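Have a look at the structure below before the remarks.
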Amino acid sequence: MAEKAPATKRARKAPSTCAGQAAPVAKAVRAKARAKAPKIPYAPDEVAEIFRRFAVQRPHPTSELEHVNTFTLLVAVVLSAQMTDAGVNRATRALFARASTPEAMAALGEDEIREAIKSIGFFRTKAKNVQRLSEILRDRHGGEVPRDRASLEALPGVGRKTANVILNTAFGEETLAVDTHILRIGNRIKIAPGKTPEAVEDGFLKIIPDGFLRHAHHWLILHGRFVCKARKPDCEVCIIADLCRADEKWCDTAAPLVALPDAPPGPQPLPPGAKRPGG
Ligand code: SF4
């Protein structure tokens, strides 16, 4: 993965409230959003309502990449470029059972890492990156994953998107990592249009009301993965169908808003030291 971008200060600090509690968006916040927002076919109240529904549907969304700590989350995200989460999980179960710290991963060595992840695209380059970033974390960061963007983006294979995922998922910061699903949704429903991930990220950061940004990344990814799919969106089960302005929309009625389990479908992170059957 060769995504490199200059560090900026677009990420906001973590809020004291969780998204689910932030439903009544303050008037001042709405006014600020309105003043800064780009021209989109949604009023600030409609944007807030969209994210309020996402918050009710998934109060505590999390990554579908299996991991046991921040380091293994970082490795999983580095491996996930051009790959599905399920494909990454199949490879990392055995790998993380053998090495779940920078020290252990560095000791495992590039050849062993490459062998463990050979089912993953670009596995040679990714093995080299994982080996090298493990050594850097061991030698320069005391075996810890750094919490600042510049240090993260200085690691091999780590660009803006990966740094955003780590800052958001591991450290609770209000960042938005734009992947293929978020890029598609931003443009399809015209809520944060842009040709590049950076433009779409900027658009979302300008319009998402305070209190919702902490989980917006996962809400949008899961919405894109399971409902607003690339080939044909499942508008009849979409909770924002009545608000959506997508040209492809084929159903105007919002699906009933029900809370989903906190955890996404599929295998969950392994507890420290645990090993899956067959792993
Ligand atoms: S109504 Fe259809 S196009 Fe609009 S967000 Fe929902 S699934 Fe996507």
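At-a-glance table
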| item | result |
| --- | --- |
| Cross-chain or 6+ apart pairs with Cβ under 7 Å, region 225-248 first and surrounded by fewer than 17 Cβ atoms within 10 Å (Cβ to Cβ), then in a helix (DSSP H, G or I) | Ala230/Arg184; Glu248/Arg188 |
| Scope region 239-261; condition over 16 Å from Ile191 (Cα atoms) and hydrophobic (A, V, I, L, M, F, W, C); matching residues | Trp250, Cys251, Ala254, Ala255, Leu257, Val258, Ala259, Leu260 |
| Qualifying position, being aliphatic (A, V, I, L, M), over 21 Å from Ala43 (Cα atoms) and assigned to a loop (DSSP other than H, G, I, E, B), among Val178, Val165 | Val178 |
| Subset of region 59-86 (residues that are at pLDDT 95 or above and either more than 18 Å from Val165 (Cα to Cα) or not in a loop (DSSP other than H, G, I, E, B) (or both)) | Thr70, Phe71, Thr72, Leu73, Leu74, Val75, Ala76, Val77, Val78, Leu79 |
| Test: Leu108 is under 27 Å from Ile221 (Cα atoms) and either touching a residue at least 24 places away in the same chain (Cβ under 8 Å) or in contact with a helix residue (DSSP H, G or I) (Cβ under 9 Å, 6 or more places away or on another chain) (or both) | no |
| Filter pass, Ile221 being part of a loop (DSSP other than H, G, I, E, B), among the β-branched types (Val, Ile, Thr) and not assigned by TED's automatic domain parsing to the domain that holds Val77 | no |
| Test for Val200: is it part of a loop (DSSP other than H, G, I, E, B) and away from the ligand (no atom under 14 Å from the Cβ) | no |
| Cβ-Cβ under 7 Å pairs, at least 6 apart or on other chains, region 141-154 side modelled with pLDDT of 95 or more, far side aromatic (Phe, Trp, Tyr) | Val145/Phe71; Arg147/Phe171 |
| Every residue from region 39-54 that is over 12 Å from Asp242 (Cβ atoms) and either touching a Lys or Arg at 6+ places or on another chain (Cβ under 6 Å) or of a type outside the set (Phe, Trp, Tyr) (or both) | Lys39, Ile40, Pro41, Ala43, Pro44, Asp45, Val47, Ala48, Arg52 |
| Tally, over region 144-159, of residues that are charged (D, E, K, R), in contact with a Leu (Cβ under 9 Å, 6 or more places away or on another chain) and part of a helix (DSSP H, G or I) | 1 |
| Considering residues of region 84-106 that are surrounded by fewer than 22 Cβ atoms within 10 Å (Cβ to Cβ) and of a type in the set (A, V, I, L, M, F, W, C) only, the residue farthest from Phe226 (Cα to Cα) | Ala104 |
| Count of residues meeting criterion [within 6 Å of the ligand (Cβ to nearest atom) and aliphatic (A, V, I, L, M)] in region 223-253 | 4 |
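The values are calculated or read from the model by the stated rules, or taken from the named source; none is laboratory data. This one's a predicted model, so the numbers in the text were calculated from it and none came from an experiment. With ideal geometry, Cβ positions are generated from the backbone for all residues, glycine too; neighbour counts draw on all protein chains shown.
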